[in-house]
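Reading through the structure tokens given below for one structure.
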Amino acid sequence: MEKIVSLCKRRGFIFPDSEIYGGLANAWDYGPYGVELKNNIKQRWWKKFVQEREDMVGQDAAIIMNPETWKASGHLDNFSDPLVECKKCKNRFRADQLEEAGKCPNCGGQMSAPRQFNLMFKTFIGPAEESVNIAYLRPETAQGIFVNFKNIMDTMRPRLPFGIGQIGKAFRNEITPGNFIFRTREFEQMEIEYFIAPPKKDKDWQTAFEMWRKEMLNWMAELGLNVKHDVYELNVPDGERAHYSKKTIDFEYQFPFGRKELYGLAYRTDYDLKQHAKFSGADLFCTDEQGDKFVPHVIEPSLGVERTVLAVLYAAYCEETTPAPNPSPAHSSREKGEENIRTVMKFPYWLAPVKIAVFPLLKNKPELVKKAKAVFNQLKSEYNCEFDDNGNIGKRYRRQDEIGTPFCLTVDFDTLEKGDVTVRNRDTMKQERVKIEKLGEWFGKKLK
Ligand code: ATP
């Protein structure tokens, strides 16, 4: 884990938040490559689950919603974790996450009795900090979908089953955030509420549930996760599920700090829509062919963006021993093996923050730089490319390997004569010459 955190900082993926002020515990900022990686995840999710499906539409609701929403959804009453405090060192923990019940993991002291701690972030709307102005930052994106159910029905007239997808920030005042970006107080979710007709028998909702279970497993495979070995499906037992859920599967991933929840899939029944109909008085019914009204039920695949980033970083991280370079007298003092470890992020190509790095062989040869710039300009509108003329080629390769760039392209003296360039593959490290006029087609085949 330390290696990943350090690579993220060193290579511009993820920085501690407000670092110049000493940081803010468990808050993180995304740097140039981190934001590309995160955007690639979100864009692909949107395309796959919203745009490419005929039974899905998208939306984007506000973060601060009418506080009645949270009364109706049950979050004000139920969205809490059991908090315990050490009587000796005063540190606070989530009771259900303690390795040994009643014992402080910090000093071994005795714990207080648990009390329920509500995770909702409170704020005030407008200048007066009065109770009538209390509002909340949403703890999940889901409710933004339920409150728009009627709008979507009225404007899009979808037929059941259909789903609404949304990507956006969520906030939880977690008792024990930590493990880098795994558990933070501000995070992003990619959520789907998939509406189905009220099931006449269990099989009716189980079919939709199973369809989304498979979709989620496919998505994890697409991310480059080893689904067979590193993903575990936990059927959350009665009594441990959220208040609205009749069935939940937690997709747990083998993170460096243990097997923990990556995503959730829940059958939320008709709980939310019924609650909102009751509290708002709005007509949140559908009408069947016989003219009978009913409230749809809902299957919810819920995916955290940051946990996806962390799983992907962990899955992609590789250290390889490369053959030792021929020892030369100038290097004879080099420690054995020191230079031979190659760190490479083996992201699936579609996830890689930079797809192609373009190098002039030498930075002080204007004709090479000019040609390399021309190649860079030719490719940059199609792919996220990076121009690099710093240091020797070996160092440039090493840097690109660490950010997971699939291809490095070098313009050398032969390029000026023959019009071809060297393209080096991140994973095989093999190099081949490709004609400049064929680059579009060549990369098209490899990267699309
Ligand atoms: P946990 O048991 O880890 O607290 P949860 O079961 O409360 O998670 P859900 O309410 O099911 O989580 O939220 C859906 C998804 O949102 C999670 O599977 C996870 O990917 C993400 N998520 C939830 N809480 C956090 C958090 N504090 N930081 C980052 N991601 C989170």
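The values are calculated or read from the model by the stated rules, or taken from the named source; none is laboratory data. Since we're looking at a predicted model, the values are computed, not measured. Positions of Cβ are backbone-derived with ideal geometry, glycine not excepted, and every protein chain shown enters the neighbour counts. Accessible surface is based on the protein model in full, side chains and every heavy atom, while ligands, DNA and RNA are left aside. Shrake-Rupley method; radii C 1.70, N 1.55, O 1.52, S 1.80 Å.
Qualifying GluC sites (Glu not before Pro) in the stretch 258-313, where qualification requires a DSSP coil assignment and no more than 13 other C-beta atoms within 10 Å, comprise E289. Every pair of different Cα atoms in the stretch 100-139 enters the Kirkwood calculation, which places the hydrodynamic radius at 13.3 Å. Relative intensity of the stretch 159-260 on a log10 scale, I(q)/I(0) at q = 0.13, 0.14, 0.21 Å⁻¹, equals -0.63, -0.74, -1.51, per a Debye sum over C-alpha point scatterers of equal strength in the absence of solvent. Here D292 and E130 are evaluated by their C-beta separation; at R0 = 41 Å the FRET efficiency comes out at 0.35. Extending 7 Å from Cα along the Cβ direction at K122 and again at F279 yields two label points whose distance is 1.7 nm. Build a GNM of the chain with springs between Cα atoms under 10 Å apart, and of E191, E19, E129 the one that fluctuates most is E129. Stokes-Einstein diffusion for the stretch 3-49 at 25 °C, viscosity 0.890 mPa s, with a Kirkwood radius from C-alpha pairs, works out to 212 µm²/s. Only Cα sites of the stretch 1-156 enter the Debye sum here, all with the same form factor; the resulting log10 I(q)/I(0) across q = 0.13, 0.15 1/Å is -1.05, -1.21, listed in q order.
Calculate, for the stretch 145-247, the solvent-accessible area per residue in square angstrom, rolling a 1.4 angstrom probe over the heavy atoms of the protein chains.
49 Å²
Computed over Cα pairs, the Kirkwood radius of the stretch 224-279 leads via Stokes-Einstein (1.306 mPa s, 10 °C) to a diffusion coefficient of 124 µm² per second. Based on every Cα atom in the stretch 358-415, Rg and the maximum pairwise Cα distance Dmax equal 10.9, 29 Å. Choose one answer from Q431, Q166, Q189: the residue with the largest mean-square fluctuation in a GNM of the chain with alpha-carbon springs under 10 Å. It is Q431. Shown is the FRET efficiency for A374 and N173, computed with R0 = 60 Å from the Cβ-Cβ distance and rounded to the nearest 0.05: 0.70. Near N91, the amide H atoms lying under 5 Å from its own belong to C86; only residues 5 or more places off or on other chains count, and H is placed 1.01 Å from N.
Could you work out what % of the accessible surface of the stretch 17-88 is carbon and sulfur, using a 1.4 angstrom probe and leaving DNA, RNA and ligands out of the count?
On the way: 1920 of 3850 Å².
The value for the stretch 17-88 is 50 percent carbon and sulfur by accessible area.
Annotation: for a label point projected 7 angstrom from Cα along Cα→Cβ of E222, residues of the stretch 52-70 with backbone N closer than 13 Å are 52-54. Remark: for residue pairs K395/K435; K9/K380; K247/K293; K88/K169; K42/K435; K214/K438, the C-alpha separation exceeds 30 Å in K88/K169; K42/K435; K214/K438. Only the Cβ atoms of Lys and Arg (+1) and of Asp and Glu (-1) were treated as charged; on that basis the dipole of the chain about its Cα centre amounts to roughly 1040 debye.
What do you get for trypsin sites (Lys or Arg not before Pro) in the stretch 70-157 restricted to DSSP loop and a cutoff of at most 13 other Cβ within 10 Å of the site's Cβ?
Values: sites: K71, K87, K88, K90, R92, R94, K103, R115, K122, K150; in loops: K87, K88, K90.
Answer in residue order: K87, K88, K90.
How far, in nm, would the chain grow between Y232 and T343 when pulled straight, counting 0.36 nm per residue and subtracting the alpha carbon separation?
Here the segment from Y232 to T343 would lengthen by 37.2 nm.
With a/c under 1.5 counting as rounded, go ahead and sort the stretch 94-177 into rounded, prolate or oblate using the C-alpha gyration tensor (a ≥ b ≥ c being the square roots of the eigenvalues; past the cut-off, prolate if a/b is larger than b/c, else oblate). It comes out oblate by the Cα gyration axes. On a per residue basis, the stretch 2-42 carries 54 Å² of accessible surface, using protein heavy atoms and a 1.4 Å probe.
The alpha carbon centroids of the stretch 1-59 and the stretch 115-150 are separated by 25 Å. Sequence-ordered 3J(HN,Hα) estimates for the stretch 373-378 from the Karplus curve with 6.51, -1.76 and 1.60 and θ = phi - 60° stand at 4, 5, 5, 4, 5, 5 Hz, glycine and proline given as x. Extending each Cα 7 Å along its Cβ direction at L447 and N390, get the distance between those two points in nm, one decimal. So the two model labels end up 2.1 nm from each other. Using R₀ = 41 Å, calculate the FRET efficiency as 1/(1 + (r/R₀)^6) where r is the Cβ-Cβ separation of K203 and T155; round to 0.05. Calculated value: 0.80. Within the full protein context, the accessible area of Y397 is estimated at about 30 Å² for a probe radius of 1.4 Å.
Adding -39500 (n - 2.57) for every DSSP H run of four residues or longer, then dividing by how many residues the chain holds, sets the calculated 222 nm ellipticity at -8500 deg cm²/dmol.
Tally the DSSP beta bridges in the chain and give the antiparallel ones as a percent, rounded to 5. Display every interim value, and only then the final one.
Working: 70 of 81 bridges.
Percentage antiparallel, nearest 5: 85.
With all protein chains present, how much of the accessible area of the stretch 105-208 (probe radius 1.4 Å) comes from carbon and sulfur, to the nearest whole percent? Of all accessible area on the stretch 105-208, carbon and sulfur atoms account for 50 percent.
The C-alpha atoms of the chain occupy a region whose extents along the principal axes are 77, 63, 49 Å, arranged from largest to smallest. For the pair L416 and K42 in one chain, pulling the backbone fully straight at 0.36 nm per residue adds 130.6 nm over the alpha carbon distance.
Taking amide H positions as modeled 1.01 Å from N, with prolines and chain starts lacking one, the residues under 5 Å from M56 and 5 or more places away or on another chain are G163.
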